[in-house]
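Structure first, commentary second.
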Amino acid sequence: MCGIVAYIGQQQASPIIIKGLKRLEYRGYDSTGISLYDGTELHTIKTTGKVSDLEAKFQGHDPIQATIGIGHTRWATHGVPNDVNAHPQTSNSGDLVVVHNGIIENYASLKEELIQRGYTFSSDTDTEVLVNLIEDVQRKEKVKLGKAVQIALTQVVGAYAIVVFDNKKPNELVAARLGSPLAIGVGEGEFFVASDATPFIEYTKNVIYLEEEHLAIIRCDRDISIRKITSDKVIKPYIEELQMSLENIQKGGYDHFMLKEIFEQPQAIRDTLRGRLLSNEGVITLSSLREHENKFLKARRILIVACGTSWHAGLVAEYLLEKFTRIPVEVEYASEFRYRDPIIFSDDIIIAISQSGETADTLAAINIAKERGAFVFGVCNVVGSSISRLTDAGCYTHAGPEIGVASTKAFTTQITVLSLLALRLGMVKGTLSRSEYQQHLVELESIPDKVSEILKQERLIKEVASSFKDANNCIYLGRGYNFPVALEGALKLKEISYIHAEGYPAAEMKHGPIALIDEQMPVVVIATKKGHYDKVVSNISEIKSRKGRIIAIVSEGDVRVKELADYCIEIPESLECFTPILTTIPLQLLSYYIAVQRGCNVDQPRNLAKSVTVE
Ligand code: F6R
C-alpha cells in the first residue's frame, strides 16, 4: 500500500514524479504529495485525493525548477486521509522530508520519547515520528544522513520502504526497505526510486530491486552505495534488465485497466503456458520444479496460503491437486495461518500464491513455514517480488502487469500454472493415466481460444448488467471446481460496484441462504454440463420457485437451464477441471459493466489498494 517515487539527476523532477505516482495509484489513492528542492529551498505540496488533484494544485503553484524530489500516493493506515497526514512528512527543523510505505508499529512509544525531548507533531502519522527520529539521531550522533537513517531504523519495529531527503545535503537520497518493496532505476547520471519499476520504465531498463533490510545512498555524481541496515558492510548492487515495456502499463485504448486486463487473458494464458506445455510431445516442463519434484512426490500434505482472489485460485488448486496427485491439500487464508500456530511437518509443501508477491500476510505465512522446515513453492506474477525471492522455488504466471485493483488475469493465469503443476505431478506420480494426461494437455492448450470465444459475448453481458445494476444484494452459486468461482464472482462484484454479494456452494442454499431469495434477489449460478449439472439444475428450480432472478453460466447448447433462467451466458465445453478459467470470464465482465453503469471508479475502488503490504 502507498506508492513512492523519487528522482535525482539532471531532468526536471516534478513531471517524472507526478507521472510515476499516477502509475502507482493502484497502491493507494486517498492523498498525495511531493517535495522538490530547487537549489535554494524545499517546496512541499500535498493534498487529499488523487494525483490529478496534486497535479492541479502543482500547476496553480509558482513554477519549481528542481532536479531532485520525492513523491507519494497514500493508502491511509495511521491518520485519516487529509493534507496534513499526506506524505512527504517533514521533520521539526524543516530540513528532512520522508515518504514511507508501511507501518511503524512502535511509533507511539517512539513519539512519546521524542515529545519528551521537545519534538512536536502536526500529523497523526507514524511517518512523522520516523522523520523526527532520524533528525534526532542526526543531532545527537552528529552523523551523515545515511548513517542517521541506518541508526534510526534499528530502533523501528514494523515494515517500511522509505526515501529520505535532507535540505542540507541536497545532492543525495537515502532509500531503505524492510517488508515493503523498492526498485531503483539506474540511468546515465540519474537515479529513480519507486515502489515498482513502472515509474521509470521509459527512462531506463536497468533496475536494482533493493533487498530486505538494505539501505541505499544515492548520489548522481557517484555510484550508488548499498549496505545492510544492521551492518556497515557495503554490498555490490545486482543490476537486472527490466522485461516490461511502456505498452504493458498503458490502457491501450480501453476505458479501464480492468477491461484491458480481462481482454488480455487469452494472451496472458498463452504466455503462462509458453515453453511449459508441449502437447505434441505430451510433456509439461516446469523448470523450477525439476530438482524439487521428489519433494512434491513424497509430500505428506500440501498447504496453500494466499489472500483474496489468490486464495480463490488456491481453492481451485485444491480440487486439481487432490484429483490428479491424491496428495491431501489444505487451503488457508495467510492472515489466519500466520497467527494460529499451525502444525507444519517438515515433509509438508507450502504453496504461496500471490499476484503482487508483496502481500504482508502471505509473506509472514511463508516465513513461519520456512522456520518450521517446510519447502515453500511460490506462484507469483510480479518478477523479482519479495515472495518470489523468499520461496525455495516457484513458477511465475507471466500474466504481465496487472494494474486494475480488481484481480482478473492474475486469477486465470494462477489457475493455469496450478493446473500444469497438478497434471505434471499426477503424471510423474502415476495417479493420472498417460491417456488422461494427454487428453488434459490438448484441452489446456485450447483454453486461450475458448476464452476469446467467451469475450465475444461482451455486448450480451453488458445488457445483462444493465438489468442488475440497481440490485443491492446478489448471490453466486457454484459446485465443485466452480464453487471457488462463485466466491470470486461475488468478490469482483462487491469490490468494484459496492453491491453486497456472497458466494455459496449451490447445495448449501437450503441450509440458510435460500431464506434471502425473493423477486428482488439476483442469483448468478454456474451450471456447466460437466460438474454436478443435474444437481445444479435442481438448485436453480428451487430458486425459480421462490421467484429469484437467475443469471446462469451454461455450456454451449444447454437447453434445460435456459428454460429456467432469466439470462444465460454460454461458455464452450471443456474438461471439468478447466471450467473455472472459462466461467470466471463472464463474471468478470458482468461485475465490470455493473460497476461502470453504477458510475463507480472501476480501476480504483474506494478503500482498496492493489498490493496489501500491511496486515
Ligand atoms: C481482489 C484482489 C485481492 C488480492 C489480494 C491478494 O480482486 O485483487 O483480493 O487478490 O489482496 O493479493 P496478491 O495476489 O497480490 O497477494
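The values are calculated or read from the model by the stated rules, or taken from the named source; none is laboratory data. As the structure is a prediction and not an experimental result, all values here were calculated from the model. Neighbour counts run over all protein chains shown; Cβ positions are idealised from the backbone, glycine included. We work out accessible area using only protein heavy atoms, side chains counted, and drop any ligands, DNA or RNA first. Shrake-Rupley method; radii C 1.70, N 1.55, O 1.52, S 1.80 Å.
Observations
- Boolean, Asp95 is of a type in the set (Asp, Glu) and under 17 Å from Gly69 (Cα atoms): yes
- Some residue of segment 340-347 being of a type in the set (Lys, Arg) and buried (at least 20 other Cβ atoms within 10 Å of the Cβ): no
- Candidate set: segment 67-87, residues that are over 24 Å from the mean Cα position of the chain (by Cα) and modelled with pLDDT of 95 or more; chosen: the one surrounded by the fewest Cβ atoms within 10 Å (Cβ to Cβ): Thr67
- Leading residue by the ranking (least open to solvent (accessible area, probe 1.4 Å)) among those in segment 315-337 that are farther than 18 Å from Thr431 by Cβ and touching a residue at least 40 places away in the same chain (Cβ under 8 Å): Val316
- Boolean, Leu423 is out of contact with any Pro (no Cβ under 7 Å at 6 or more places or on another chain), surrounded by 17 or more Cβ atoms within 10 Å (Cβ to Cβ) and either of a type outside the set (Ser, Thr, Tyr) or closer than 13 Å to Pro586 by Cα (or both): yes
- Evaluation of Glu463 against (1) part of a helix (DSSP H, G or I); (2) in the same structural domain as Tyr396 (by TED's automatic domain parsing); (3) surrounded by fewer than 22 Cβ atoms within 10 Å (Cβ to Cβ) (one fails), failing number: (2)
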